[in-house]
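Right, one structure below, let's go through it.
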Amino acid sequence: MTNSAFNGKEKIKVVAFDLDGTLTQHRSPLEEENRALLAQLSKKYKLLMVGAGTCRRIFGQMGNFPIDIIGNYGLQYAEYDKSISDIVLKEETVLPCDVESVLQRADVFRKETGYIEYSGKPVEFHPSGSVTFPFLGTAAQIGDKLAFDPTREKRRALYPRFCELFPEFTVFVGGSSSYDMVPAPNDKAHALDVYCRRVGLRHENVLYVGDDYEPGGNDYAVFVSDFPFVCTDDYKKTKDILSFLNE
Ligand SMILES: [Mg+2]
């Protein structure tokens, strides 16, 4: 954990980023200003993305910006290959998921909390072994999803009970109206730790930049870890917040 009084700058070798809310608007393309920020920082630091989505989706959302990517909270890792101007998947972990048991517990949660109506399917299972619990179902309208819990209050209130029902997962308050679940111990801090071991770095050598650092947020595990962490609350301000790196 860190703050603006961060004084370990000289140890930083890698600057690692969350994407949505940190460098872009949710699920939106990387804008020119933050693209320029990354290009500038890349002259001095190794850059790394650490995302919730797949490496391919993150790379696409970034308009093919040349960068190494940890995807799916660490279940994927891809490196940029200059010779082909594309990323190459280096690691992909696929974990088993007990579908029946997850469905059963999701049903318990719906009955306990009253969210028994949904459109489409009650739970979405991903090929990686990750799971999404969409409160309104997999086929809900985008308008309904956005109106569901804009302050995250509802999902935060029910978060402890949901985690209790799914102890084998790390659970995040994700998207607009869902919980994202990834098999434990995977989360962004774990993924960064694995990365450090792979490339021979210490935690203090990796500065992480993220916006979702409240409990339940997908950057929270990094925020409470010993990785230096820079908070941003607005992707348009990230550039100014990181100006100390260029000094
Ligand atoms: Mg974010």
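The values are calculated or read from the model by the stated rules, or taken from the named source; none is laboratory data. For clarity, every value in this text was computed on a predicted model and none was experimentally measured. Cβ atoms come from the backbone with ideal geometry, glycine included; neighbour counts cover every protein chain shown. To get the accessible areas, we keep the full protein, side chains included, count just its heavy atoms, and leave off ligands, DNA and RNA. Shrake-Rupley method; radii C 1.70, N 1.55, O 1.52, S 1.80 Å.
Between 0 and 90 degrees, the angle of helix 153-165 with respect to the longest Cα principal axis of the chain falls at about 80 degrees.
Over every Cα atom in the range 99-183, the radius of gyration and the widest Cα-Cα span, Dmax, amount to 11.7, 32 Å.
Do you know the relative contact order of the range 62-152, to the nearest whole percent, from alpha carbon pairs under 8 angstrom that are 6+ apart? Could you put the intermediate results ahead of the total?
Working: 111 pairs, mean separation 16.0, N = 91.
For the range 62-152, the relative contact order is 18 percent.
In the context of the full set of protein chains, the chain has a per residue accessible area of 49 Å² (1.4 Å probe). Just tell me which lysines come within less than 28 Å, Cα to Cα, of residue 46; anything on the same chain fewer than 8 places away is out. The qualifying lysines are 9, 11, 13, 82, 90, 188, 236, 237, 239. Among the protein heavy atoms of the range 99-183, carbon and sulfur supply 56% of the accessible surface, probe 1.4 Å, non-protein parts ignored. Cross-link partners for residue 154 among the lysines, with Cα-Cα distance under 17 Å and sequence neighbours closer than 8 places in the same chain left out: 111, 145. Rounded to the nearest angstrom and listed largest first, the equivalent-ellipsoid semi-axes of the chain from its Cα gyration tensor are 31, 19, 18.
What is the gain in length, in nm to one decimal, between residue 83 and residue 142 on full extension, counting 0.36 nm per residue of separation less the C-alpha to C-alpha distance?
Working: separation 59, 0.36 × 59 = 21.24 nm, distance 3.95 nm.
The residue 83-residue 142 span can extend by a further 17.3 nm.
Helix 32-41 and the longest principal axis of the Cα set of the chain meet at an angle near 50°. Note on the range 45-162: Cα Rg divided by 2.2 N^0.38 Å, N the number of residues, gives 1.30.
Annotation note: trypsin sites (Lys or Arg not before Pro) in the range 10-49 located in DSSP loop regions with a Cβ neighbour count of at most 12 within 10 Å are 27, 43, 44. Counting only alpha carbon atoms, the long axis of helix 99-113 and the longest principal axis of the chain meet at about 70°.
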